[in-house]
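Nothing in this text is a laboratory measurement; each read-out follows from the coordinates by a stated rule. Because the structure is a prediction, the values reported are computed rather than measured. Here Cβ is always computed from backbone atoms with ideal geometry, including for glycine, and neighbour counts include all displayed protein chains.
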Amino acid sequence: SDHKLEYPKTPDHMDWSTYFPAFATTTDSPSTSQPAETSLVNAADTYPKKLSKEVEVVDIGCGFGGLLVALAPVLPDTLLLGMEIRSSVAEYVQHRIAALRTQNPDTNLYQNIGCLRANTMKFLPNFFRKGQLTKVFICFPDPHFKHRKHKARIVSTTLNSEYAYALRPGGIVYTITDVEDLHYWMVQHLEAHPSFQRISEEEQDADPCVEIMRTATEESKKVERNKGQKFIALFRRLEDPPW
Ligand code: SAM
């Protein structure tokens, strides 16, 4: 349940420095003129430390972190965040990242990935400002097969508006699933949204992140072993229409 989920009051209240310590600035200067009343890790009367760059890529329901680990060296100058609702799984990914950092002491490798326990269906706008993100990955989301469970799906009209809010124009939503029905559901809901346009198959195949998403997540490996199908669709965040 959500009572144990921590989330910042606003993105400015979020302290990312424990997730991306290599990118934390040394001073505790206030990010706004207001003190942070709530924050994930700071005491009530301190300001969150600033990062030298912002999180730009998010893996929604990152599971055991395979995508993050594979993308880390491919996008070395970008901060990538996995968000996972199961606390034990999020902790596992945090330990996995810490171990990879320790094993690569002389490089910046794996300093650019982090994992946060969160329910992305509830608090996404608390973590990210409008237009902050360039990529959102939704890899093998739970299918919630039964009709009455469809409201639990991670792609929906309401949630798509939150992804549109957090993504900047030109940003991309990546989706992959082995469940054909869910694939059509995601395509239908994202295509129907005025902020998104499906990306052509040629452009999709030319994007190096697609091959990584197809092969590197734990779920994609499982589907591979079971010789299952993988359905992929990408959507570009469009410019907002002029008022
Ligand atoms: N993306 C990973 C992969 O491809 O290997 C994991 C796929 S797994 C089938 C779906 C994951 O989404 C699970 O780890 C689950 O705990 C997580 N999840 C489900 N609902 C979520 C939510 N509302 N917020 C964050 N994570 C969620």
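Among the listed pairs 9/50; 122/227; 122/149; 9/49; 149/221; 9/130, those with a Cα-Cα distance over 23 Å are 122/227; 149/221. When the Gaussian network model of the chain links Cα atoms closer than 10 Å, the mean-square fluctuations of 162, 211, 56 top out at 211. For the options 73, 48, 105, a Gaussian network treatment of the chain with springs between C-alpha atoms closer than 10 Å singles out 105 as fluctuating the most. Stokes-Einstein diffusion of region 53-237 at 25 °C, 0.890 mPa s viscosity, Kirkwood radius from Cα pairs, rounded to a whole number: 148 µm²/s.
Extension gain, residue 184 to residue 54, is 43.5 nm, computed as 0.36 nm per intervening residue step minus the present C-alpha separation. Fully extending the segment from residue 224 to residue 108, taken as 0.36 nm per residue of separation minus the present Cα-Cα distance, adds 38.6 nm.
Listed by Cβ neighbour count within 10 Å, with the fewest neighbours leading, 218, 239 appear as 239, 218.
Charge dipole of the chain (Cα centre as origin; +1 on each Lys and Arg Cβ, -1 on each Asp and Glu Cβ, all else neutral): 600 debye, rounded to the nearest 20. Annotation note: chymotrypsin sites (Phe, Trp or Tyr not before Pro) in region 137-185 located in DSSP loop regions with a Cβ neighbour count of at most 16 within 10 Å are 145. When the Gaussian network model of the chain links Cα atoms closer than 10 Å, the mean-square fluctuations of 146, 221, 122 top out at 146. Between residue 201 and residue 236, the C-beta separation translates, for a Förster distance of 22 Å, into a calculated FRET efficiency of about 0.95. Dipole magnitude for region 78-140: about 280 debye, using +1 per Lys or Arg Cβ and -1 per Asp or Glu Cβ, origin at the Cα centre. The fewest-to-most ranking of 83, 186 by surrounding Cβ atoms within 10 Å reads 83, 186.
The percentage of C-alpha pairs in region 148-243 whose separation is greater than 18 Å is 50%.
For the chain, the mean residue ellipticity at 222 nm estimated from helices alone is -8000 deg cm²/dmol, where every DSSP H run of n ≥ 4 contributes -39500 (n - 2.57) and the total is divided by all residues, rounded to the nearest 500. Membrane-span-like helices in the chain, defined purely by DSSP H runs whose alpha carbon atoms cover 20 Å or more axially and whose average Kyte-Doolittle hydropathy reaches -1.0, are 87-103.
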